[in-house]
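Trainee: Below is a structure I'd like to ask you about.
The values are calculated or read from the model by the stated rules, or taken from the named source; none is laboratory data. Values in this document were obtained by computation on a predicted structure and should not be read as measured data. Virtual Cβ from ideal backbone geometry, glycine too; neighbours counted across all protein chains shown. Surface accessibility is based on the protein's heavy atoms, side chains included, excluding ligands, DNA and RNA. Shrake-Rupley method; radii C 1.70, N 1.55, O 1.52, S 1.80 Å.
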Amino acid sequence: MMVDMTLYEAYGNVKIKDISKRQDISVKYLEQIITALSKAGYVRGERGPQGGYRLGMDPHEITAGMIVRLMEGGTAPAPCAKGEDCPRASECVTSDLWKRVSAAVDEILDGTTIADLADEARRQNLVTIVDAPEYYI
């Protein structure tokens, strides 16, 4: 959703139904997501005939990690990787593994912005701007 909004931001506000059609994601699910994204300030909505949603921040400042943490509550694959106490910590051979996996995931997610993903979609020709407004005078 955020990448789609980045790709279409030059055309003004983006409607959920248009994102739904382009990304093949249900409107109902997108409405749930947009609520959380709005509360976090990542997107902002506008009402009215030209209403819809647009990014609330520069896409170069929004990382994939920010979005995943907001929507999923974190990125750690196991409780010990989150820093939570584990009753088996002293006898667990995989605790260090999960911490390293978590650190690697965080590094990748925090080092990838929404703008990076939009640029990659353009580079790979994965997007064709459709439904862009046309103006005739």
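Trainee: Taking interchain pairs and intrachain pairs at least six residues apart, which have beta carbon atoms under 9 angstrom, with the first residue in segment 24-53 and under 20 Å from Gly73 (Cβ atoms) and the second open to solvent by 50 Å² or more (accessible area, probe 1.4 Å) and aromatic (Phe, Trp, Tyr)?
Mentor: Going by the 9 Å Cβ cut-off, the qualifying pairs are Ile34/Tyr53; Leu37/Tyr53; Ser38/Tyr53; Val43/Tyr53.
Trainee: What residue, of Gly65, Gly56, is at pLDDT 90 or above and within 17 Å of Met5 (Cα to Cα)?
Mentor: One residue alone meets the criteria, Gly56.
Trainee: If Lys21 passes every condition in (1) surrounded by 12 or more Cβ atoms within 10 Å (Cβ to Cβ); (2) over 25 Å from Leu126 (Cα atoms) but one, which one does it miss?
Mentor: (2)
Trainee: Please pick out the residue among Glu61, Glu84 that is open to solvent by 70 Å² or more (accessible area, probe 1.4 Å), of a type in the set (D, E, K, R), part of a loop (DSSP other than H, G, I, E, B) and in contact (Cβ under 8 Å) with a residue 24 or more places away in the chain.
Mentor: Answer to the selection: Glu61.
Trainee: Which residue pairs have Cβ atoms closer than 9 Å, lie 6 or more positions apart in sequence or on different chains, and pair a first residue in segment 66-77 that is hydroxyl-bearing (Ser, Thr, Tyr) with a second residue that is open to solvent by less than 60 Å² (accessible area, probe 1.4 Å)?
Mentor: Cβ pairs passing all conditions: Thr75/Gly65; Thr75/Val68; Thr75/Ala81; Thr75/Ser102; Thr75/Val105; Thr75/Asp106; Thr75/Leu109.
Trainee: A follow-up question, please. Scan segment 100-109 and tell me whether some residue there is modelled with pLDDT of 90 or more, farther than 27 Å from Lys17 by Cα and of a type in the set (S, T, N, Q).
Mentor: There is at least one residue in segment 100-109 that is modelled with pLDDT of 90 or more, farther than 27 Å from Lys17 by Cα and of a type in the set (S, T, N, Q).
Trainee: Return yes when Ala121 is modelled with pLDDT of 90 or more and either loosely packed, with under 13 Cβ neighbours inside 10 Å or of a type in the set (A, V, I, L, M, F, W, C) (or both) and no when it is not.
Mentor: For Ala121, the condition - modelled with pLDDT of 90 or more and either loosely packed, with under 13 Cβ neighbours inside 10 Å or of a type in the set (A, V, I, L, M, F, W, C) (or both) - is met.
Trainee: Please go through (1) assigned to a helix (DSSP H, G or I); (2) modelled with pLDDT under 95; (3) among the aliphatic types (A, V, I, L, M) for Leu30 and return the number of the only condition it doesn't satisfy.
Mentor: (2)
Trainee: Just need a number here: residues in segment 35-52 that are crowded, with 16+ Cβ neighbours inside 10 Å and part of a strand (DSSP E or B).
Mentor: Residues flagged as crowded, with 16+ Cβ neighbours inside 10 Å and part of a strand (DSSP E or B) within segment 35-52 amount to 2.
Trainee: Based on this model, can you work out whether Asp116 counts as part of a helix (DSSP H, G or I) and surrounded by 12 or more Cβ atoms within 10 Å (Cβ to Cβ)?
Mentor: Yes.
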